[in-house]
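Participant: Pasting a structure here, questions to come.
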Amino acid sequence: MSKPNMRADKNPMPAQDPKVRAHNFNEVATGYSEEAALDEANRCLNCKNMPCVSGCPVNVRIPSFIEKIKEGDFEGAYAVITETSSLPAVCGRVCPQETQCEQRCVRGIKGEPVGIGRLERYVADRHNENSKESPAAPEWNGHRVAVVGSGPSGLTCAGDLAKKGYKVTVFEALHTAGGVLVYGIPEFRLPKAIVAKEVDTLKALGVDIETNVIIGKTLTVDELFGAGYEAVFIGSGAGLPNFMNIPGESCNGVYSANEFLTRSNLMKAYLDDPKTPIMKGGKVAVVGGGNVAMDAARTALRLGAEKVYIVYRRSMEELPARREEVEHAMEEGIDFRLLCNPVEILGYKNENDPRDPKNGFVTGITCIKMELGEPDASGRRRPVPVKGSEFTLDVDTVVMAIGTSPNPLIKSTTEGLEVNKRGGIIVNEDGLTTRKGVYAGGDAVTGAATVISAMGAGKTAASAIDRALSGN
Ligand code: FAD
Ligand code: SF4
Ligand code: SF4
């Protein structure tokens, strides 16, 4: 066995030049070469106690897949990863590895951890490029299951059940399957062809995907049972945007991040002749500090904004977005206004302008400076306004990226389905809700979280549904 490579740094991820990528929607990070992947794999010490595995929400057998890479057995590595993760090309790109698997890696003690996510991406991309075969649909076991929502939780639940012979129908409110993976996370971080390939694999397994069906409106959960489905999995996400309730928020030019990103990602508002309108160019303020805020700010830049601000009420230390995304945003020229909180959105009215004579158009955002006080319930230091420190940023567009909640529609139309104070569906450890036969998982249960945790919840529910319906 060759000696491990004890270099302290990870192999860097090649990326498009910031000046170039700020004006295109192509993927920013371009991926490892085989040489870099082998070199990075050799940094892994194949630790017996596998601390990295316990940091992964679905317990991917990390040292085993990395050993396969070292042997040059890339398909073997893919097989190990997909024992537990159904979307490796997605997770290798968007998992917050720095707080999950890589955070526990022993190589991180005296240097950088092994680039586990980068290796996972390499293995998955290589598999996707080389494998043209689709899996065959197994024989039907006589049971039908309905899945509500086609995000990572729904897709994973559907895939796991389909592999066991269940006839699964996924009902999706939007016109394209993929959930946040298609409407939220932009192309420059997650190419949509990757999601489409995952959806095609499910279809090959026999999963039927019905788009433009809103459960709770087009059909109810009761009607699904009436139509012969024996179990229902709800993976409807947390797509209801929060607002600040400050003056001026109803002005034309104020968007929720979900609306802004959906128009751009899913409805292709960046085209010259788009089917959906969006404010392009001008100056843009994005309020918030999470991944969603970074995605909205970088999208605004690519849509042609001359200036983009991130307005966040805490400091860089508390900023919740992934470090890599923050660094990329900074390199691209996004202006971070930290320790600032909006108090009012300013606008002007022009009754002669047919586009919006009612609420007026955004002309600026007034913010107040903040300082950090004592820690709050989340353990982070509470931001406190500094009296008399108000200032105004001249902007034409404001994007609110301050969080989302689960939509109450399904709860309000489903007898016996209990939710918690934040609107999350209450489930037991198997993902079973308070209504018999109805399971739930992902953001619909936890509120906005991560792709990998949603996937893990879809897996847990699929195996509980299988146990309940097969009697095993
Ligand atoms: P979703 O992905 O939200 O999918 C739910 C689906 O259900 C949607 O397609 C919706 O249209 C559909 N639906 C809703 N109601 C109904 C209904 N009544 N009937 C039928 N269909 C319905 N996580 C990471 O790990 N890393 C990241 O980098 C990251 N970046 C993000 C960036 C953005 C912009 C956003 C918004 C989220 C990001 N997340 C990230 C979070 C992650 O995407 C979510 O946690 C994850 O997608 C949740 O999966 P889900 O299956 O629970 O729901
Ligand atoms: Fe790490 Fe995510 Fe892969 Fe798990 S699925 S090993 S957390 S990158
Ligand atoms: Fe390899 Fe790091 Fe996991 Fe050890 S902790 S097995 S070095 S990835």
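Participant: Using the Karplus equation 6.51 cos²θ - 1.76 cosθ + 1.60 (θ = phi - 60°), what ³J(HN,Hα) coupling, rounded to whole Hz, does each residue of region 427-433 give in order, writing x for Gly and Pro?
Facilitator: With coefficients 6.51, -1.76 and 1.60, one gets 9, 8, 5, 8, x, 7, 7 Hz.
Participant: Rank the residues Cys52, Cys157, Cys367 as a footprinting-exposure proxy: fewest other Cβ atoms within 10 Å of their Cβ go first. Intermediate values should be presented prior to the final figure.
Facilitator: Values: Cys52 27, Cys157 37, Cys367 24.
Ranked by crowding around the Cβ, least crowded first: Cys367, Cys52, Cys157.
Participant: DSSP H helices in the chain with Cα extent of 15 Å or more along the helix axis and mean Kyte-Doolittle hydropathy at least -0.5?
Facilitator: Once both thresholds are applied, what remains is 152-163, 192-204, 291-302, 451-470.
Participant: Can you give the helix-only mean residue ellipticity at 222 nm for the chain, where every DSSP H stretch with n ≥ 4 adds -39500 (n - 2.57) and the sum goes over all residues, rounded to the nearest 500 deg cm²/dmol?
Facilitator: Value at 222 nm, helices only, nearest 500: -8500 deg cm²/dmol.
Participant: Follow-up. What pairs from Lys132/Lys307; Lys68/Lys459; Lys19/Lys197; Lys10/Lys268; Lys19/Lys68 go past 32 Å between their alpha carbons?
Facilitator: Flagged as over cut-off: Lys132/Lys307; Lys10/Lys268; Lys19/Lys68.
Participant: Based on the alpha-carbon gyration tensor of region 18-130 and its eigenvalue square roots a ≥ b ≥ c, which shape applies: rounded if a/c is under 1.5, prolate if not and a/b is larger than b/c, or oblate?
Facilitator: Prolate is the answer for region 18-130, as a/c is 1.5 or above and a/b outweighs b/c.
Participant: Hey, another quick one. How large is the charge dipole for the chain, taken about the Cα centre, if only the Cβ atoms of Lys, Arg (+1) and Asp, Glu (-1) carry charge, to the nearest 20 debye?
Facilitator: With only Lys, Arg, Asp and Glu charged at Cβ, the dipole is about 620 debye.
Participant: So for region 210-314, averaging the separation of alpha carbon pairs under 8 Å that are six or more residues apart and normalising by length, what relative contact order in percent results?
Facilitator: That works out to 18 percent.
Participant: Which residues' amide hydrogens lie under 5 Å from the amide hydrogen of Ala15, considering only partners 5 or more residues apart or on another chain, with H built in the peptide plane?
Facilitator: Hits under the 5 Å cutoff: Thr30.
Participant: Right, here's the next one. How high is the relative contact order of the chain, in percent, counting Cα pairs under 8 Å that sit 6 or more residues apart?
Facilitator: 15
Participant: Taking neighbour counts of Cβ atoms within 10 Å as a proxy for exposure, in what order, fewest first, do Phe188, Phe65 appear?
Facilitator: If I rank by nearby Cβ atoms, fewest first, I get Phe188, Phe65.
Participant: Can you classify the chain as rounded, prolate or oblate using the Cα gyration tensor, where a ≥ b ≥ c are the square roots of its eigenvalues, rounded means a/c under 1.5, and otherwise it's prolate if a/b beats b/c and oblate if not? All intermediate terms of the calculation are to be shown ahead of the outcome.
Facilitator: Values: a/c = 1.72, a/b = 1.20, b/c = 1.44.
In terms of gyration-tensor shape, oblate.
Participant: State to the nearest 20 debye the size of the charge dipole of region 243-402 about its Cα centre, where the only charges are +1 on K and R beta carbons and -1 on D and E beta carbons.
Facilitator: Numbers: 21 positive and 24 negative charges, 40 e Å.
Dipole magnitude for region 243-402 comes out near 200 debye.
Participant: What distance in nm separates the two pseudo spin-label positions at Glu390 and Thr211, each 7 Å out from Cα along the beta-carbon direction?
Facilitator: 4.6
Participant: Kindly rank 282-288, 43-49, 137-143, 95-101 from highest to lowest mean number of other beta carbons found within 10 Å of each residue.
Facilitator: On the way: 282-288: 25.6, 43-49: 15.0, 137-143: 13.1, 95-101: 21.4.
Result, highest mean first: 282-288, 95-101, 43-49, 137-143.
Participant: For Val399, what residues show an amide H to amide H distance below 5 Å, using hydrogens built from the backbone and excluding near sequence neighbours?
Facilitator: Amide H to amide H, under 5 Å and 5 or more residues apart or across chains, Val399 pairs with Tyr255, Ala285, Val286, Val287.
Participant: Only loop residues by DSSP count here, and only those with at most 10 other Cβ atoms within 10 Å; note down the GluC sites (Glu not before Pro) in region 367-458 that meet that.
Facilitator: Details: sites: Glu371, Glu390, Glu415, Glu418, Glu429; in loops: Glu390, Glu415, Glu418, Glu429.
Sparse-neighbourhood loop GluC sites (Glu not before Pro): Glu415, Glu429.
Participant: How high is the relative contact order of region 243-402? Use alpha-carbon pairs under 8 Å, at least six apart in sequence, and give a whole percent.
Facilitator: Numbers: 351 pairs, mean separation 47.0, N = 160.
Over region 243-402, the number comes to 29 percent.
Participant: Can I ask one more? Could you give the distance between the Cα centres of region 4-26 and region 344-369, to the whole Å?
Facilitator: 40
Participant: Now for a different question. Counting only residues 5 or more places away or on other chains, whose amide H sits under 5 Å from the amide H of Val147 once H atoms are built in the peptide plane?
Facilitator: HN-HN under 5 Å from Val147: Thr169, Val170, Phe171, Phe233.
Participant: Round to a whole angstrom and tell me the spacing of the C-alpha centers of region 213-258 and region 164-186.
Facilitator: 14
Participant: Give me Tyr78, Tyr348, Tyr439 ranked fewest to most by other Cβ atoms within 10 Å of their Cβ, as a rough exposure proxy.
Facilitator: Details: Tyr78 22, Tyr348 11, Tyr439 29.
By the 10 Å Cβ count, ascending: Tyr348, Tyr78, Tyr439.
Participant: Along the Cα→Cβ direction, 7 angstrom out, place labels at Ser315 and Asn49. What is the inter-label distance in nm?
Facilitator: 3.4
Every number in this text was worked out from the coordinates using simple rules, so none of it is lab data. Predicted model, so just to flag it, every value in this text is computed and none were measured. FYI the Cβ positions are ideal-geometry reconstructions off the backbone, even for glycines, and counts take in every protein chain you see.
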